[in-house]
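A quick write-up on the structure given underneath.
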Ligand code: ZN
């Protein structure tokens with residue numbers, strides 16, 4: 001089974017469509033690690049497109065914020081405004097979809113969460129120390145996360161340290177014989193100084209994972225953000241990947 005791994009689509013259906021088209025034929029099933037909505041101009045289209053796919057989807061903090069399930073005090077002003085806008089836009093049946101999403105899922109030798117195994121909806125794994133503290137919080141060899149919008153591999157070494165590896169986009173990474181936390185990157189709002197949509201392919205047969213970068217029509221998404229009267233910064237940041 002080959003899994004298309006996506007996360008943090010954030011209402012950017014232009015990027016989502018580009019990823020699905022670019023990766024066509026390379027996968028059998030889709031695992032989405034949450035934040036389907038928030039920031040972007042097409043929350044309903046993203047949910048409705050996901051519903052057409054063979055899919056396992058988890059909840060992210062922006063999905064919960066849209067449902068009013070979490071306090072958005074800690075959100076930036078732009079994120080807060082986007083949450084309010086998304087709440088107004090989201091159709092009842094798509095709200096029901098967001099309500100149904102689990103926050104943690106274990107399947108075979110893989111654990112899936114949006115943020116971290118310790119705090120599945122909230123915690124940002126951005127450095128080795130936080131990653132190291134999270135390894136005791138899952139039992140499988142590999143945990144897949146999103147949330148930071150930055151594709152990375154946090155590998156636990158034999159002496160209990162964590163090495164951070166940048167993704168290699170041109171070849172698969174062998175997951176066997178070690179433990180790792182893999183951030184798959186963001187489809188709809190990358191923050192790794194590269195504006196392309198990010199995704200990955202997990203090949204369960206040989207236990208390998210590869211990150212991918214997919215260019216998409218950023219100007220189209222920016223146009224839609226501006227037409228929706230969402231904060232200008234949410235449009236501008238897309239072309240810089242931050
Ligand atoms: Zn996110």
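Each reported figure results from applying straightforward, stated rules to the coordinates on display, with no laboratory input. Computed from a predicted structure; not experimentally measured. Glycine also receives a Cβ, built like all others from the backbone with ideal geometry; neighbour counts cover every protein chain displayed.
Annotations for the structure displayed:
- Of the residues 27, 69, the one with the fewest other Cβ atoms within 10 Å heads the list, and the complete ranking is 69, 27.
- Sites residue 217 and residue 78 - FRET efficiency at Förster radius 30 Å, r taken between beta-carbons, to 0.05: 0.85
- Our summary gives region 72-187 a relative contact order of 21 percent, counting only alpha carbon pairs under 8 angstrom and 6 or more residues apart.
- Each of 96, 111 has some number of other Cβ atoms within 10 Å of its Cβ, and from fewest to most they run 96, 111.
- In region 147-242, Cα pairs under 8 Å separated by at least six residues give a relative contact order of 27 percent.
- Shape of region 112-166, Cα gyration tensor, a/c cut at 1.5: oblate
- Estimated from helical segments only, the mean residue ellipticity of the chain at 222 nm is -7500 deg cm²/dmol, where each DSSP H run of four or more residues counts as -39500 (n - 2.57).
- Modelled this way, with points 7 Å down the Cα-to-C-beta line, the labels at residue 168 and residue 52 are 3.6 nm from one another.
- In percent, rounded to a whole number, the relative contact order of the chain is 23, using alpha-carbon pairs under 8 Å and six or more apart.
- Cα gyration tensor, region 50-138 - rounded (a/c under 1.5), prolate or oblate: oblate
- For the options 15, 166, 82, a Gaussian network treatment of the chain with springs between C-alpha atoms closer than 10 Å singles out 166 as fluctuating the most.
- Cα gyration tensor shape for region 132-242, rounded if a/c is under 1.5, else prolate or oblate: prolate
- Dimensionless Rg over Rh [region 92-186; C-alpha; Kirkwood]: 1.00
- Taking only the alpha carbons of the chain, we obtain Rg and Dmax values of 16.7, 53 Å in that order.
- Gain on full extension, evaluated as 0.36 nm per residue between residue 130 and residue 203 minus their Cα-Cα distance, stands at 23.6 nm.
- The chain: most fluctuating residue of 158, 139, 217 per GNM, C-alpha cutoff 10 Å: 158
- For the pair residue 104 and residue 236, label points projected 7 Å from Cα toward Cβ lie 4.0 nm apart.
- Counting neighbouring Cβ atoms within 10 Å and putting the fewest first, the residues 21, 152 line up as 21, 152.
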